[in-house]
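Novice: Starting off with a structure, shown below.
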Amino acid sequence: MRISTKGRYSLAALLYLATLEDGVYANSKEIAAAAETTEGYIEQLFIQLRKIKLIEGIRGRNGGYTLAVPCEKIRIGDILRACEGSLKPSICVDARVCPAEKKCLSKNAWLSLYKAINSCIDSITLRDLLNDYKARENPGYII
């Protein structure tokens, strides 16, 4: 399974917004530069993220985007599912689609993988990633 640019750039953009002080809005040009993509792509990605109310935006000269939810409540899974859609590693996970469900020998493997992926990405928040980054920037060596 591979996360596309949609998921990667959405995560990068929201991480950038998480670094801003409360109440500060960033415009799409600034966010795109931080995420190393184009302004148009950021605007496209933010459509889905606004739908699930992870970000909010204001229009106008001083407009832009900010997180609508505290970063400790935004799970990586929320972002990836909004941008990527289903994270199912195989159609076998969906009983309605799998024609060989009753005689399938590998369904449990795919189902276990799917559960593990979701468990992992739902256990990590934007705050966790920011804290990890800050720890790498200022390592406190313990002897």
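The values are calculated or read from the model by the stated rules, or taken from the named source; none is laboratory data. Everything quoted here is computed from the prediction, not taken from an experiment. Note: ideal-geometry Cβ built from the backbone for every residue, glycine included; neighbour counts use all protein chains shown.
Novice: Only one of Leu130, Leu54, Leu87 is at pLDDT 95 or above and of a type in the set (A, V, I, L, M, F, W, C). Can you tell me which?
Specialist: Details: Leu130 fails: at pLDDT 95 or above; Leu87 fails: at pLDDT 95 or above.
Exactly one residue qualifies, and that residue is Leu54.
Novice: Quick check on region 22-35. Is at least one of its residues among the basic types (Lys, Arg), over 21 Å from Asp132 (Cβ atoms) and loosely packed, with under 15 Cβ neighbours inside 10 Å?
Specialist: Let us first name the residues in region 22-35 that are among the basic types (Lys, Arg), namely 29.
Going one step further and asking which of them are over 21 Å from Asp132 (Cβ atoms), we end up with 29.
If we keep only those that are loosely packed, with under 15 Cβ neighbours inside 10 Å as well, we get 29.
Looking through region 22-35, at least one residue is among the basic types (Lys, Arg), over 21 Å from Asp132 (Cβ atoms) and loosely packed, with under 15 Cβ neighbours inside 10 Å.
Novice: Same structure again: Restricting to region 36-53, name every residue that is of a type in the set (Val, Ile, Thr), assigned to a loop (DSSP other than H, G, I, E, B) and surrounded by fewer than 16 Cβ atoms within 10 Å (Cβ to Cβ). Break it down into steps so the answer makes sense when it comes.
Specialist: Step one: filter region 36-53 for residues of a type in the set (Val, Ile, Thr), giving 37-38, 42, 47, 52.
Going one step further and asking which of them are assigned to a loop (DSSP other than H, G, I, E, B), we end up with 37-38, 52.
The answer is Thr38, Ile52.
Novice: In addition: Name the one entry in Lys102, Lys107, Lys115 that is modelled with pLDDT under 95, charged (D, E, K, R) and surrounded by 15 or more Cβ atoms within 10 Å (Cβ to Cβ).
Specialist: Values: Lys102 fails: surrounded by 15 or more Cβ atoms within 10 Å (Cβ to Cβ); Lys115 fails: surrounded by 15 or more Cβ atoms within 10 Å (Cβ to Cβ).
Checking each option against the conditions leaves just Lys107.
Novice: Could you go through region 54-72 and let me know if any residue there is of a type in the set (Lys, Arg) and surrounded by 12 or more Cβ atoms within 10 Å (Cβ to Cβ). Break it down stepwise before answering.
Specialist: Here is the first cut: in region 54-72, the ones of a type in the set (Lys, Arg) are 59, 61.
Applying the additional criterion that residues be surrounded by 12 or more Cβ atoms within 10 Å (Cβ to Cβ) yields none.
No: region 54-72 contains no residue that is of a type in the set (Lys, Arg) and surrounded by 12 or more Cβ atoms within 10 Å (Cβ to Cβ).
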